[in-house]
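Encoded as structure tokens, the structure appears first; notes follow it.
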Amino acid sequence: MTKIVALIVVAMTWTSCSEKKAETQTQNTIDSSGVFVDEVSVTDSTLVTSTTCYLQVTGKDSLIAQIDDNLGTVTGKLFYNNFEKDSSFGTLIGSVSGDTIKVEYDFEAEGTRSLRELWFLKKDGKLVEGIGPYDKSGERFSSAKEVKFEGGHVLSPMDCEQAEKHFKKIGL
């Protein structure tokens, strides 16, 4: 009998480990009678995330990006590998609006941690970095109207396994 119970427990554990991860979200509401209610909804986040990687090489400089898009919420990694200049690497978090990706780049360069707003336009399968003036803090664009998608970095799709090798080398 104990062997059967142990076998069932192992089978249930194996099944639960192989199932897709689900996110739970709690929303506090008040029903029509004025009673406070916790509503819990479950969404399967593994079915909607797509990962794309990009690369630009200019001479001995390179820029590698990994973008994880989960229904418009974006996370990822970015590595500016500059030859004989300051390089930077860090994480991305932001959102997608149409063909535009707006993220905060939380990065380290020369031992200093910084934050900067970056925008990318998805165009013809590539990512085009937006350029424009930043505010006094140097972290945010001073005006959305002044962000242009010309003259910035243009990244082409790359194999994500290769991108991950570069990120592992720098500890991302």
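The values are calculated or read from the model by the stated rules, or taken from the named source; none is laboratory data. All values derive from a computational prediction rather than experimental measurement. Positions of Cβ are generated from backbone atoms using ideal geometry, with glycine treated the same way; all protein chains shown enter the neighbour counts.
Out of the residues in the range 111-141 that are acidic (Asp, Glu) and not in a loop (DSSP other than H, G, I, E, B), which is farthest from the chain's Cα centre (by Cα)?
In the first step, residues of the range 111-141 are kept if they are acidic (Asp, Glu); the result is 117, 124, 129, 135, 139.
From the residues that got through so far, the ones that are not in a loop (DSSP other than H, G, I, E, B) too are 117, 129.
Numbers: GLU117: 14, GLU129: 16 Å.
Among those residues, the one meeting the criterion is GLU129.
Identify all residues within the range 77-110 that are aliphatic (A, V, I, L, M) and under 16 Å from the mean Cα position of the chain (by Cα); write none if there are none. Walk me through it before giving the result.
At the first step, the residues of the range 77-110 found to be aliphatic (A, V, I, L, M) are 78, 92-93, 96, 101, 103, 109.
Selection gives LEU78, LEU92, ILE93, VAL96, ILE101, VAL103.
Return only the number of the condition from (1) over 21 Å from ILE64 (Cα atoms); (2) aromatic (Phe, Trp, Tyr); (3) modelled with pLDDT under 95 that PHE141 does not satisfy.
Of (1) over 21 Å from ILE64 (Cα atoms); (2) aromatic (Phe, Trp, Tyr); (3) modelled with pLDDT under 95, only one is false for PHE141: (3).
Can you tell me which residue in the range 38-91 is modelled with the lowest pLDDT, limited to those that are in a loop (DSSP other than H, G, I, E, B) and touching a strand residue (DSSP E or B) at 6+ places or on another chain (Cβ under 6 Å)?
First pass over the range 38-91, keeping only residues in a loop (DSSP other than H, G, I, E, B): 44, 48, 59-60, 71-72, 82-87.
Next cut, touching a strand residue (DSSP E or B) at 6+ places or on another chain (Cβ under 6 Å) only: 48, 72, 82-83, 86-87.
Details: VAL48: 73, GLY72: 93, ASN82: 93, PHE83: 92, ASP86: 90, SER87: 93.
It comes out as VAL48.
How do the pairs read when you match residues in the range 97-120 that are surrounded by fewer than 11 Cβ atoms within 10 Å (Cβ to Cβ) with residues anywhere that are at pLDDT 95 or above and hydrophobic (A, V, I, L, M, F, W, C), using Cβ under 8 Å and keeping only pairs 6 or more apart or on different chains?
Short answer, once both residue conditions are applied: ARG113/PHE107.
Among the listed residues SER137, SER156, identify the single one that is surrounded by fewer than 16 Cβ atoms within 10 Å (Cβ to Cβ), under 26 Å from GLU84 (Cβ atoms) and not acidic (Asp, Glu).
Details: SER137 fails: under 26 Å from GLU84 (Cβ atoms).
On inspection, the qualifying residue turns out to be SER156.
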